[in-house]
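Quick note: the coordinates plus some simple rules give every number you see, no bench work behind them. Since we're looking at a predicted model, the values are computed, not measured. Cβ: placed from backbone, ideal geometry, glycine included. Neighbour counts: every protein chain shown.
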Amino acid sequence: MLNEQLRDVLQRMPKAELHIHIEGSLEPELIFALAQRNGVKLDYASVEALRAAYAFTDLQSFLDIYYAGASVLLQEQDFYDMTAAYLKRAEADNVRHTEIFFDPQTHTARGVPIKTVIDGIHRACQDSPVSATLILSFLRHLSEAEAFATLEEALPYRDKYLGIGLDSSELGNPPEKFARVFARCKELGFRLVAHAGEEGPPAYIETALDVLKVERIDHGVRCLDDAALTQRLARERIALTVCPLSNIKLCVFDEMAQHNLLELLDAGIVATVNSDDPAYFGGYMNDNFIATFEALPLGLSHAHRLARNGFSAAFLPEAQKQAFLAEVDAFFAAV
Ligand SMILES: [Zn+2]
C-alpha cells in the first residue's frame with residue numbers, strides 16, 4: 001500500500017501532461033448528453049452499457065469504441081464542452097500545463113468542418129487557468145495523402161496549434177509511411193511527435209526519430225527490447241510520454257507490477273506519466289501516478305523526477321519552463 005504522505009505528494013505536486021487525446025476524455029455521461037443535444041443515435045442503451053463495453057483486448061478494440069464515442073461531436077460548442085470538462089478535471093489534479101492531441105480526421109470524415117473542431121477546442125483552452133497548447137494528430141491507418149489534405153485544411157488556423165503528432169493503429173502503419181508530410185510539417189516550423197513502440201517494435205521508434213525527425217516519442221515503452229536504442233534515448237534526452245493505465249487496459253503489460261516505468265527511469269530515460277485516453281482507461285493524471293506508485297517500488301525521489309521530466313519535455317518557452325521547474329523544486333523542498 002502507498003503511504004499517506006506519498007499519496008498526498010502525488011496528488012498535490014505540480015504536473016505537466018504531454019499525452020492526452022481530447023476525444024479520449026469524453027466520459028460516457030457527456031457522450032449521452034451530446035447525443036441527446038444533437039439527435040445522434042448511439043448503439044448503447046445507457047451510460048452503464050457504454051461503460052461496460054470498455055473491456056478492451058488490444059489497441060484496435062479500443063479504437064472501435066473511441067470512434068463511435070466521437071460521433072456525437074458536431075457543433076463548436078460540443079468540442080468546447082469536451083475540452084472544458086477535461087481541463088477542469090486536469091486542474092483538479094494540479095496539472096499546470098497540458099499539450100492536447102486532437103484528431104481532426106475523426107471529425108472531418110463525418111462532415112464536421114475543421115474550423116469547428118479547432119475553434120471549439122482552442123476557445124476552451126483559452127478560458128482555462130491551466131496552460132494548454134494543441135497538437136494536431138494524423139490518423140496513421142489513413143493514407144499520407146489524406147494527412148496532406150488535412151494539413152492543408154488546418155493551415156489557416158495554425159496560430160491555434162503548435163505541434164503535429166501521429167496516432168491510431170500502430171501495427172502495420174510504420175512512421176515512415178508519413179515521411180513526406182512530416183518533412184513538410186518540419187519545414188513549416190511545427191513541433192513534431194509520434195506514437196511509436198506501444199504495440200509496434202523498437203524499429204518504429206528509430207524511424208520516428210530518424211525519418212520523421214520527432215522530438216518526443218509517445219509511449220515508446222518497447223524501447224527496452226533494444227539496448228542501443230535505450231542508450232540513445234537516454235543520451236539524446238528524448239522524452240517518452242508513458243501512459244501506465246492505458247498500457248494495462250490495452251494489454252501492453254499484463255499488470256501494473258510488470259510495467260517498465262522504473263526500468264526506463266533507471267536507464268536514464270526522460271520518462272513522463274500521462275493519461276492518454278482517461279475516460280476509457282480508468283483514470284486521469286493522479287490516478288495514473290497513484291496506480292503506478294502503488295504497484296512499483298517508486299518513492300519520493302521518483303515523484304520529483306517524474307514531475308520535473310514532464311515540464312522539461314514540454315514545448316514551452318524556456319522562461320516558462322524554468323518557472324514551472326522552480327515551482328516543482330520548491331514543492332519538493334517543502335515536503
Ligand atoms: Zn495516445
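In the chain, the convex hull through the Cα atoms has an average projected area of 15.8 nm², a quarter of its surface area. This model, with +1 at the C-beta of Lys and Arg and -1 at the C-beta of Asp and Glu, gives the chain a dipole about its Cα centre of some 740 debye.
Tell me the mean residue ellipticity at 222 nm calculated for the chain from its helices only (DSSP H runs of n ≥ 4, each -39500 (n - 2.57), averaged over every residue, nearest 500).
After summing the helix terms and dividing by the residues of the chain, the value is -14500 deg cm²/dmol.
Result for the chain in a Gaussian network model with C-alpha springs under 10 Å: among GLY283, GLY111, GLY163, the largest mean-square fluctuation is at GLY111.
Among 83-91, 314-322, sorting by the average number of other beta carbon atoms lying within 10 angstrom of each residue, highest first, gives 83-91, 314-322. Note on the chain: with a GNM built from Cα contacts shorter than 10 Å, the maximum mean-square fluctuation among ARG222, ARG158, ARG140 falls on ARG158.
Using DSSP to call loops (not H, G, I, E or B), can you name the GluC sites (Glu not before Pro) in region 205-267 whose Cβ has at most 12 other Cβ atoms within 10 angstrom?
Those that pass, being in a loop and sparsely packed, are GLU236, GLU255.
Each of LEU139, ILE100, LEU6 was placed along the dipole of the chain (beta-carbon charges, centred on the mean Cα), and the one lying farthest toward the positive end is ILE100. Among TYR161, TYR280, TYR44, the largest mean-square fluctuation in a Gaussian network model of the chain (Cα springs under 10 Å) belongs to TYR44. Cβ crowding within 10 Å, taken as a proxy for footprinting-reagent exposure, orders LYS186, LYS177 from fewest neighbours to most as LYS186, LYS177. Between the residues LEU250, PRO297, ALA183, the greatest Cα displacement towards the positive end of the dipole of the chain, with unit charges on the Cβ of Lys, Arg, Asp and Glu, is found for ALA183. Here the Karplus curve 6.51 cos²θ - 1.76 cosθ + 1.60, taken at θ = phi - 60°, turns the phi angles of region 151-159 into couplings of 4, 4, 5, 8, 4, x, 10, 5, 5 Hz, with x standing for Gly and Pro.
The amide H of PHE138, built 1.01 Å from its N in the peptide plane, has GLY165, LEU166, ASP167 as neighbours under 5 Å, considering only residues 5 or more places off or on other chains.
Over region 21-79, all Cα pairs binned in 5 Å intervals from 0 give whole-percent P(r) values of 4, 19, 33, 26, 13, 5, 1, listed from short to long.
A simple packing score, the average count of other Cβ atoms within 10 Å per residue, orders the peptides 36-43, 144-151 as 144-151, 36-43, with the highest score first. Projecting the Cα atoms of CYS223, CYS125, SER168 onto the dipole axis of the chain, where Lys and Arg carry +1 and Asp and Glu carry -1 at the beta carbon, places CYS125 farthest toward the positive end.
By its C-alpha gyration tensor, with a ≥ b ≥ c as the square roots of the eigenvalues, how is region 37-128 shaped: rounded for a/c under 1.5, else prolate for a/b larger than b/c, else oblate? Oblate, since a/c reaches 1.5 and b/c is not below a/b.
Answer rounded, prolate or oblate for region 218-298, using the Cα gyration tensor with square roots of eigenvalues a ≥ b ≥ c: rounded when a/c is under 1.5, else prolate when a/b is larger than b/c, else oblate. Since a/c reaches 1.5 and a/b is larger than b/c, the shape of region 218-298 is classed as prolate. The amide H of ILE100, built 1.01 Å from its N in the peptide plane, has THR133, LEU134, ILE135 as neighbours under 5 Å, considering only residues 5 or more places off or on other chains. Rounded to the nearest Hz, the phi-derived 3J(HN,Hα) couplings of region 248-262 under the Karplus curve 6.51 cos²θ - 1.76 cosθ + 1.60 (θ = phi - 60°) are 6, 4, 9, 6, 6, 10, 5, 8, 4, 4, 9, 5, 9, 4, 5, where x marks glycine and proline.
Straight Cα distances below 28 angstrom link LYS88 to the lysines LYS15, LYS41, LYS115, LYS160, LYS249, LYS321, with same-chain residues fewer than 8 positions distant left out.
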